[in-house]
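> Below are the structure tokens for one structure; questions will follow.
Nothing in this text is a laboratory measurement; each read-out follows from the coordinates by a stated rule. From a predicted model like this one, the values you see are computed outputs, not experimental measurements. Backbone-built Cβ (ideal geometry, glycine too); neighbour counts: all protein chains shown.
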Amino acid sequence: MTFSKRALFLLFLLILMTSHLRSQTYNKGKKIYQEACLSCHQEDGGGVMNLNPPLDGASNVISNNTAYLIKVVLLGLKGKVALDNKYYGNVMAPHNNLSNQEIADVLNYIRNSWSNKKAKAKKILVEDVEATRKSLP
Ligand code: HEC
């Protein structure tokens, strides 16, 4: 197969556009994180010892069980739950005021930030958030 210059140029444009779109949703997720999550989970995703769990390096955050993550954001989390064998005393309130798109963006942000980048976790789609929200009583 031979590539004409035009085909190469179009391919280049396509790559540029998709990487631009990808970084756009990443930046949207980052902004939501800064506004709604950073105060507890910290800028570096490291959390606060005994109070708020780290999101960086957390096994649940990079796992394929994306419904769990969506539920944590929609319903919040409290009580005695072991997260990577540690307990945290603070309470996470529900964030069901965020739209399905915002939840997908912020979760994709935490799954693709800090050391979590290495995990190459699968992307959470807005449809996933929609389905999980509908499944809740
Ligand atoms: C008021 C502080 C606070 C805010 C704000 C907050 N969280 Fe949390 N988050 C917590 C606490 C505390 C827990 C653990 C609760 C427990 O162990 O009972 C938690 C748990 C989690 C978990 C589960 C971690 C695991 O290892 O299973 C995720 C994911 C999470 N938060 C994401 C977010 C996101 C995304 C936002 C912003 C939309 C956010 N949190 C906002 C305090 C907070």
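> Excluding the sites themselves, what is the longest stretch of the chain that contains no chymotrypsin sites (Phe, Trp or Tyr not before Pro) in a DSSP loop with at most 15 other C-beta atoms within 10 Å?
The answer is 4-86.
> Moving to a separate point now. Step through the table entries LYS5/LYS120; LYS30/LYS86; LYS78/LYS120, compare each Cα-Cα distance with 31 Å, and write down the pairs that go over it.
Result: LYS5/LYS120 exceed 31 Å.
> For the chain, build the charge dipole from Cβ charges (+1 Lys, Arg; -1 Asp, Glu) around the Cα centre, then report which of HIS41, ALA7, ALA67 sits farthest towards its positive end.
Comparing the listed Cα positions along the dipole, ALA7 ranks first.
> Next up: Checking understanding here: applying a Kyte-Doolittle mean of at least -1.0 and a length along the axis of at least 24 Å (C-alpha), which whole DSSP H helices in the chain pass?
5-36
> Something else now. Can you give the extra length, in nm with one decimal, that the chain gains between ASN64 and LYS118 once fully stretched, where that is 0.36 nm per residue apart less the Cα-Cα distance?
18.0 nm
> Report the extension gain between SER23 and ARG133 in nm, rounded to one decimal, defined as 0.36 nm multiplied by the number of residues separating them, less their alpha carbon distance.
Working it through step by step, the gained length comes to 37.0 nm.
> Going by C-beta contacts inside 10 Å, put HIS20, HIS41, HIS95 in order with the fewest on the left.
Values: HIS20 9, HIS41 22, HIS95 17.
With the sparsest Cβ surroundings first, the list reads HIS20, HIS95, HIS41.
> Shifting gears a bit: Rounded if a/c is under 1.5, else prolate if a/b is larger than b/c, else oblate: which is region 38-135, with a ≥ b ≥ c the root eigenvalues of its Cα gyration tensor?
It comes out oblate by the Cα gyration axes.
> Hey, got the dipole for the chain? About the Cα centre, +1 on K and R Cβ, -1 on D and E Cβ, debye to the nearest 20? Each step should come with its number before you reach the end.
On the way: 18 positive and 10 negative charges, 85 e Å.
Around 400 debye, computed over the chain.
> Tell me what the chain gives for mean residue ellipticity at 222 nm when only DSSP H runs of n ≥ 4 count, each as -39,500 (n - 2.57), the sum divided by the residue total, rounded to 500 deg cm²/dmol.
Computed ellipticity for the chain at 222 nm equals -16500 deg cm²/dmol.
> Ok, one more. Any aspartates and glutamates with Cα under 12 Å of the LYS71 Cα? List them, leaving off those in the same chain fewer than 8 positions away.
Correct list for LYS71: ASP128, GLU130.
> Contact order normalised by length for the chain, with contacts defined as Cα pairs under 8 Å and 6 or more residues apart; what percent is it?
Taking the mean separation of contacting Cα pairs over the length of the chain, I get 25 percent.
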